[in-house]
Amino acid sequence: SVASERAALFERALAAPPGAFTEARVLARALCGLGDVTLAGGDAAAAHGLFLRALEQAPRDPEVHARMGELSLRAQSPDAALASFVRALELGAGDAIRHRALSAAVAAGNTAEAVRLANELLERDASDPQALVARGKALFSDGQVAAARATFEAAIASTQSAEARFALGHLELSCDPAPAAGSRAAALALSGLRLLSERPGWSPATDGSDGRTLLEAARERENRALLGARGGDDPYRLIREIVELCTRQPELSALAPAASRAAADFDQPLLVTIMGEFSSGKSTFINALIGDEVAPMGIAPTTATINMVKYGRERGGRILGRDGRTDTLSWESLQSALRGLDAAAAERIEVVEILLPEESLRPVCLVDTPGLNSILPAHEEVARGFITRADAVVWVFSANQSGKKTEREALAAIGDEGVRVLGVVNKIDQVAEAERGQVVAHLEAELAGLVEAVIPVSAREALASDREAGLAATGEAPRAGNFGAVIEALDSRFFSHAMRLKRQALERRVAVIAGEARAIVDGEKQRVDTARDALAEAAAHIEDRASRFAAEVAEREKARIVREQGELLRRAAREILELVRPRRLPFSSHSATQADRDYLMSLLDDGYAALLSPARERTTGFVAEAGKLAGDATVAAAEVIGGEIAGDLEREAAEAATRVLAEAIGRATAFVRGYLRGGYVDDFFESALPKIELSEDAIYRAL
């Protein structure tokens, strides 16, 4: 790859023999180049080491300081980055680095430095968008809202500045409480994020956090305005708003399908679910209602399916599988498929749609459910879902065994859902005519409050009569089996009040979804509170350690280093006394060899490494303990903030510890090495030593 080829070239350059580089600055640039490639490959620690080596070689090279600034920005240390960029500017860096310094100043919240850098840029280019944004933020912080708005708008007008859009969006939310401010801020956030996505090298994982924060705040304002402005008498409008809210809020996303289904069902025909225990004659009842044998009758419990009879332009059907597959069949193929099902095949079916070109079905949809006392486990959830969705229920009793405890319990559960129920006593023809009144009266007394009425019918007689007469259910001739009374009851109680029933059903579902949302929000709040407390406690401990770091670690280590440095220089002075050859004549010079110089260099190198090593170890331990506090807190809060974010925070803690060591020890080491190799030792041997008094104190003072 290009990156590996670049790295190989830089490594070849660095492998050149000693003396190949006539300028330390050239060697520093080679180190920076290799550091750039290493950083692009994701190894920030290795890149940091290369940049430090470059700093040793060329401490006055602005490019090296700029690299250190970029590395600090990448590590989210804007204060350190600003210091490096400012040093680069002092050493002669151009406006490109001034822009980077401005970014660091803004990220660090250093308003004064940001304004200074922005003014310098605006002196060169009055339409510089980054500088205008920085100046606008300063104006806004000073309370000059109109001036800040004008400045942001000027930045937007002069160029495609995403940052200016984000800044103006935040101003809109802060200064305008009107609901429209949320929409304006959201539009600015979206347009800014779109501009960012068009930039080369843009990454949604690392770029645009300000825009995403703005968009989230804007959407929250929109949602508050949306819910605050809704009418209390419009459940349809409310369910649409709930759908939008659940779609936008990840915590409520699990409710979005139910809310969407509720909104969609409101626009559908009246949903009447036919229920009852197995063998009560529900399918025969539906067929009699339609006036034709459309729902399969006499099906075994293990092969029964949930059938939805609805209007279609042609006779036919659809089989909706639990795996999401849909098979569209002709009428003959559908009937054959339903009668040929085995238990395994029936279990794989979610719903069967039976489509009929009957005008009477345009305003209503009938759902034929298997008996709840024998329903397959795979169908139970779907059947109960239809209870929740139903606008009305027709409960079919069997005249031979009606009003059982299981039926009363099921009807009570339906009543808890708030769904209206019409009771139908089927197979009344199997009861002696003198006893039929008693059966109905008994049911009415047993089921008082659970059903609106109890109507005795014989669906079998009605269907047989229709077949003989060739009449449809909507025919004007009297229906056999007392079926005319059922049709009249359905029409007067359900069909003629379809919109009111659908509205009531929608209100019930809205209330359920709102209750579930409230429970989710309460649970989320509790989890967030717990996580917040854990993070706050860890933050307090870490802040305490940070405040103690200067006194307990930094100052103590500096004092020790100064003390041990004195001992090191005393030892070096004694070694020099042993090595140097004293002058022979009064006006001659003391002399030393190159080997003596190398020996002193090695002595000081090893000595400084030895006195810095304990500081590294103690600093590492102190920081590691704080890092463990942060890590434990993020693990405790991971369920709320997300495992990915918790992992990011743990990595950030590790990188922060590395940065502390780099700032406290790495730079000290680089400085010492640069000092020793930068000519000061040579200067001692060439200028100080030849004329100095050959005593330990004199040499010590010179060192």
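In the stretch 589-703, which helices (runs of 4 or more DSSP H) lie fully inside it and hold 2 or more residues that are closer than 30 Å to E23 by Cβ and charged (D, E, K, R)? Quick ask: steps written out before the conclusion?
Working: elements: 594-641, 643-661, 667-675, 696-702.
It comes to 594-641, 667-675.
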- prompt: What number of residues within the stretch 243-286 satisfy the criterion of being of a type outside the set (K, R) and out of contact with any strand residue (DSSP E or B) (no Cβ under 9 Å at 6 or more places or on another chain)?
  reply: 23
statement: Those residues of the stretch 416-433 that are modelled with pLDDT of 85 or more, farther than 16 Å from V457 by Cβ and part of a helix (DSSP H, G or I) come to a total of 0
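Answer yes or no: is there a residue in the stretch 88-104 that is β-branched (V, I, T), touching a Phe, Trp or Tyr at 6+ places or on another chain (Cβ under 7 Å) and assigned to a helix (DSSP H, G or I). Steps first, answer last, please.
As a first pass, look at the stretch 88-104 and keep what is β-branched (V, I, T): 97.
Then drop every residue that is not touching a Phe, Trp or Tyr at 6+ places or on another chain (Cβ under 7 Å), which leaves 97.
Pick out the ones that are also assigned to a helix (DSSP H, G or I) and you get 97.
Yes, the stretch 88-104 contains at least one residue that is β-branched (V, I, T), touching a Phe, Trp or Tyr at 6+ places or on another chain (Cβ under 7 Å) and assigned to a helix (DSSP H, G or I).
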query: Just a yes or no: is a residue in the stretch 74-90 surrounded by 18 or more Cβ atoms within 10 Å (Cβ to Cβ), over 30 Å from A654 (Cβ atoms) and either under 35 Å from the mean Cα position of the chain (by Cα) or aromatic (F, W, Y) (or both)?
result: no
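Filter the stretch 395-415 for residues that are assigned to a strand (DSSP E or B) and either over 56 Å from the mean Cα position of the chain (by Cα) or among the aliphatic types (A, V, I, L, M) (or both) and give the result.
Restricting attention to the stretch 395-415, the residues satisfying the condition of being assigned to a strand (DSSP E or B) are 395-398.
Correct list: V396 only.
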query: Got at least one residue in the stretch 19-32 being of a type outside the set (D, E), touching an Asp or Glu at 6+ places or on another chain (Cβ under 6 Å), in a helix (DSSP H, G or I) and open to solvent by 20 Å² or more (accessible area, probe 1.4 Å)?
result: yes
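I'd like the full set of residues that are open to solvent by 30 Å² or more (accessible area, probe 1.4 Å) and part of a helix (DSSP H, G or I), limited to the stretch 440-450.
Narrowing the stretch 440-450 to residues open to solvent by 30 Å² or more (accessible area, probe 1.4 Å): 441-442, 444-446, 448-450.
Passing the criteria: A441, H442, E444, A445, E446.
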Hits in the stretch 33-45 (condition: open to solvent by 40 Å² or more (accessible area, probe 1.4 Å) and at pLDDT 85 or above): D36
statement: R583 fails exactly one of (1) open to solvent by 80 Å² or more (accessible area, probe 1.4 Å); (2) within 30 Å of I699 (Cα to Cα); (3) part of a helix (DSSP H, G or I), namely (3)
- request: Kindly provide the set of residues from the stretch 602-640 that are open to solvent by less than 40 Å² (accessible area, probe 1.4 Å) and under 30 Å from E524 (Cα atoms), ordered by number.
  value: A626, G627, A630, G631, A633, T634, A637, A638
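Going by the conditions given, is A546 part of a helix (DSSP H, G or I) and without any contact (Cβ under 8 Å) to a residue 60 or more places away in the chain?
Values: part of a helix (DSSP H, G or I): yes; without any contact (Cβ under 8 Å) to a residue 60 or more places away in the chain: no.
No.
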- request: Check whether at least one residue in the stretch 498-510 is assigned to a helix (DSSP H, G or I), surrounded by fewer than 17 Cβ atoms within 10 Å (Cβ to Cβ) and at pLDDT 85 or above, and report yes or no.
  value: no
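Of these, F51, F85, which one is among the aromatic types (F, W, Y) and more than 25 Å from V133 (Cα to Cα)? So that I can check it myself, show each step before the final result.
On the way: F85 fails: more than 25 Å from V133 (Cα to Cα).
Within the list F51, F85, the selection yields F51.
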task: Tell me the helices (runs of 4 or more DSSP H) entirely within the stretch 260-354 that contain at least 2 residues that are surrounded by 15 or more Cβ atoms within 10 Å (Cβ to Cβ) and modelled with pLDDT of 85 or more.
output: 282-290, 331-339
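The values are calculated or read from the model by the stated rules, or taken from the named source; none is laboratory data. Everything numeric here is computed off the predicted structure, so don't read it as measured data. FYI the Cβ positions are ideal-geometry reconstructions off the backbone, even for glycines, and counts take in every protein chain you see. Note: accessible area is taken over every heavy atom of the protein model, side chains too, but ligands, DNA and RNA are not part of it. Shrake-Rupley method; radii C 1.70, N 1.55, O 1.52, S 1.80 Å.
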